[in-house]
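Shown next, in structure tokens, is the structure this report addresses.
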Amino acid sequence: MKKFFKTLVALPLFVICCTSIASCSETAPAVPTGSTVSESDLTEKVQEYYDLVVKSQVILDDYADDIYRNWYDAIYNDKFYGSIDIAIVSAENDHEDDVKFLKENDAKIEQSYKSVRDSKYAENVKSVMDAYSTYYEFVVNVSGSFTTFQSNKETYKKQLASELKKLHFEI
């Protein structure tokens, strides 16, 4: 008898719950099921990302070359009072506006990257971002020895150029 009363009470509650759930799901707004970005919009976004990185690459190359040149002159040509620190600071001062641009553009690159990193170009976009980030940090935050700077500068410069070229061929 107790089971009968429990079932009698539970059954209407069950029906009320099911009815409430059904009516909620009917009136709930539809959730988008995926991105509706057109092919041309995607290509445009990837091209924008590519262009931002290329702009930074040009400045990074020039800045890295000047750091190297000053560093070399401090060691081998007794310029900058033979001080590596003065040589690097001199390059930083000469590129003050460039460094400001690089930092501002870096934020734009990160935002642009977020909009294309999961696209059909994901592999190339991520490779460019990895190469760019490594090169950017290397140039903007100079550290290490002259020998490592010299060898890494060319390696990072070539790696970014190579990854950008691959991405350019894809878009």
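The values are calculated or read from the model by the stated rules, or taken from the named source; none is laboratory data. Source: prediction; values computed, not measured. As a convention, Cβ positions derive from the backbone with ideal geometry for all residues, glycine included, and neighbour counts pool all protein chains shown. Accessible surface areas use protein heavy atoms only, side chains included; no ligands, DNA or RNA. Shrake-Rupley method; radii C 1.70, N 1.55, O 1.52, S 1.80 Å.
Tyr50 fulfils the conditions (1) farther than 18 Å from Ser127 by Cα; (2) open to solvent by 30 Å² or more (accessible area, probe 1.4 Å); (3) in contact (Cβ under 8 Å) with a residue 40 or more places away in the chain except for a single criterion, (1). Applying the selection to region 66-104, what residues are open to solvent by 20 Å² or more (accessible area, probe 1.4 Å) and in contact (Cβ under 8 Å) with a residue 40 or more places away in the chain? Within region 66-104, Tyr68, Tyr72, Ile75, Ile84, Ile88, Val99, Phe101 qualify. Suppose the filter is within 18 Å of Asn152 (Cβ to Cβ) and part of a helix (DSSP H, G or I); does Asn70 pass it? Yes, satisfied. Residue pairs whose Cβ atoms lie under 8 Å apart, separated by 6 or more positions or on different chains, with the first residue in region 149-171 and within 17 Å of Tyr72 (Cβ to Cβ) and the second among the aromatic types (Phe, Trp, Tyr), are Phe149/Tyr68; Phe149/Trp71; Gln150/Tyr68; Asn152/Phe138; Lys153/Tyr68; Lys153/Phe138; Lys157/Tyr135.
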